[in-house]
Amino acid sequence: MTKTVNHWIGGKTVEGTSGQYGPVTDPATGAVTTQVALASADEVGAAVAAAKAAYATWGTSSLAQRTAVLFRYRALLDAHRDDIAALITAEHGKVHSDALGEVARGLEIVELACGITTQLKGELSTQVSNRVDVSSIRQSLGVVAGITPFNFPAMVPMWMFPLAIACGNTFVLKPSEKDPSAANLLAELAAEAGLPDGVLNVVHGDKVAVDALLNHPDVAAVSFVGSTPIARYIHATASANGKRVQALGGAKNHMLVLPDADLDAAADAAVSAAYGSAGERCMAISAVVAVGAIGDELVAKIRERAEKIKIGPGNDPTSEMGPLITAAHRDKVASYVTGAAAQGAEVVLDGTGHTVEGFEEGHWIGLSLLDKVSTDSDAYKDEIFGPVLCVLRVESYEDGVALMNASPFGNGTAIFTRDGGAARRFQLEIQAGMVGVNVPIPVPVGYHSFGGWKDSLFGDHHIYGNDGVHFYTRGKVTTTRWPDPADAPAGVDLGFPRNH
């Protein structure tokens, strides 16, 4: 019998009642291994109701209570790293070491949440006027929701709910229905750590579940990570319903390589950043911009390294890159490569025919490298979300920055150079939210915030870090005047009583 992934509501597993199920596939074999219950609007409503009921006590719980749970949770996550990573590999396809790295980056935010006490300290100004003090505090919102993508089924949820619940909110998570099991394990471990029932709920589903969350009057805020078209829809719909929204969209991350760069280091970085996690990440480098005469040598070095990458099942310790999430996505990624030459690109590596012996039905694609790509080609304009690297040629630093700033995306970017002055200019002039200097994937550590510009972010707040704390709380300012004891009526003595 096929395994079924059900919902987690009110501290327990709840079987789906909609009668609708989605297939969960092992990308390495192409076989359907699991089915996931797809929630109806009523089932989403039950999860929101459980979160609302839990908020009545969790929202007024002490910081000491919340952090005690989070410290225990962090220890349990650490002890179950391999279990979480194994679920990710089985349903997403990424290699086990990459899945372990995902868990580690999620743990950073759990650790940040453990120290939430300092993040929630208020401010006080005394004697702003005669006997008047002003204080400001931050308070939780209530029930908040997270809608997360398939490419990081553990990390992205952990970028959201630990910080939200540390701030005193309760949470409803709607993970990707393509790889849902990791989210349930995260919730089960939270319950084992002592998180009260209903504080963290998981409902699986498709657009029906998403729309139910966006329209539910008891959901105060929505966090989202995914593609730009869906991010725009989430932001518009939830905002129209009066909700606070942070919606992180897609990307086309560029890496500018100047003539003075260490080309071996740049080639290593390009291969790692373009093809790691099979390119299925919003921080992948998908466009290398080569300045001046270095283009031919850089492309040759990238090709030499890319040809050595071993592709295979994620649970094989020798595999460096796994399959793509679905056959349909594999075919879409391949179409950009097969159509590249007709749009003027030079196809240096074509991975579209790649298969793995013994796993012929898996969702395989090899590494592809396209050179001399034009900015009006589909391979450049679209977020491919697969192991396809485009190389563009420009004559100068200024041309490179102009090309990159013309992109509608502004998520992450990088420059490779030995020139500190050029790096400083780039940091200030580039229109992107995250910048790497000789660092190919500039994902900030947990105590800074993650987020892009332009069509890569909808809403005012980046995710986690200080922005995350501000998103999951709202400010309140109190102005106070107390009478002075000296003004008390005659005959009243506010001193210590005389006992002898």
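Just a few scattered comments:
- Any chance THR117 is touching a Leu at 6+ places or on another chain (Cβ under 9 Å) and not aliphatic (A, V, I, L, M): yes
- Of the listed requirements (1) outside any loop (DSSP other than H, G, I, E, B); (2) of a type in the set (Gly, Ala, Ser); (3) closer than 22 Å to HIS363 by Cβ, ALA28 misses just one: (1).
- Close pairs (8 angstrom Cβ cut-off, 6 or more residues apart or separate chains): over 14 Å from GLY194 (Cα atoms) in segment 48-74, open to solvent by 70 Å² or more (accessible area, probe 1.4 Å) and of a type outside the set (Val, Ile, Thr) anywhere: ALA50/ASP197
- If the condition is being open to solvent by 10 Å² or more (accessible area, probe 1.4 Å) and under 23 Å from SER374 (Cβ atoms), then segment 300-329 contributes ALA300, LYS301, ARG303.
- Candidates ALA166, ALA154, ALA145, filtered to the one that is among the hydrophobic types (A, V, I, L, M, F, W, C) and in contact with a strand residue (DSSP E or B) (Cβ under 6 Å, 6 or more places away or on another chain): ALA145
- Residue in segment 64-71 that is within 18 Å of ALA164 (Cβ to Cβ), in contact with a helix residue (DSSP H, G or I) (Cβ under 6 Å, 6 or more places away or on another chain), of a type outside the set (Gly, Ala, Ser) and open to solvent by 60 Å² or more (accessible area, probe 1.4 Å) present: yes
- Test: residue in segment 258-271 that is under 23 Å from THR25 (Cβ atoms) and part of a loop (DSSP other than H, G, I, E, B): no
- Here is the figure for segment 10-25: residues that are part of a strand (DSSP E or B), open to solvent by 20 Å² or more (accessible area, probe 1.4 Å) and β-branched (Val, Ile, Thr) total 3.
- Number of positions in segment 338-378 that are open to solvent by less than 20 Å² (accessible area, probe 1.4 Å), within 20 Å of GLY295 (Cα to Cα) and touching a Gly at 6+ places or on another chain (Cβ under 7 Å): 3
Conditions (1) part of a strand (DSSP E or B); (2) polar (S, T, N, Q), marked per residue:
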| site | (1), (2) |
| --- | --- |
| ALA50 | no, no |
| ALA54 | no, no |
| ARG66 | no, no |
| ARG72 | no, no |
| LEU76 | no, no |
| LEU107 | no, no |
| ALA113 | no, no |
| THR126 | yes, yes |
| ASN151 | no, yes |
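- Annotation: VAL291 fulfils all but one of (1) open to solvent by 10 Å² or more (accessible area, probe 1.4 Å); (2) over 30 Å from the mean Cα position of the chain (by Cα); the unmet one is (1).
- Within segment 412-467, considering residues that are small (Gly, Ala, Ser) and more than 17 Å from the chain's Cα centre (by Cα), the one nearest to GLN119 (Cα to Cα): GLY436
- For segment 211-242, the tally of residues that are touching a Lys or Arg at 6+ places or on another chain (Cβ under 6 Å) and surrounded by fewer than 21 Cβ atoms within 10 Å (Cβ to Cβ) stands at 1.
The values are calculated or read from the model by the stated rules, or taken from the named source; none is laboratory data. Remember, predicted model here, so these are calculated numbers, not experimental data. A quick note on method: Cβ atoms are made from the backbone with ideal geometry, for glycine too, and the neighbour counts reach across all protein chains shown. When the accessible area is computed, the model is the full protein with side chains, heavy atoms only, and any ligands, DNA or RNA have been set aside. Shrake-Rupley method; radii C 1.70, N 1.55, O 1.52, S 1.80 Å.
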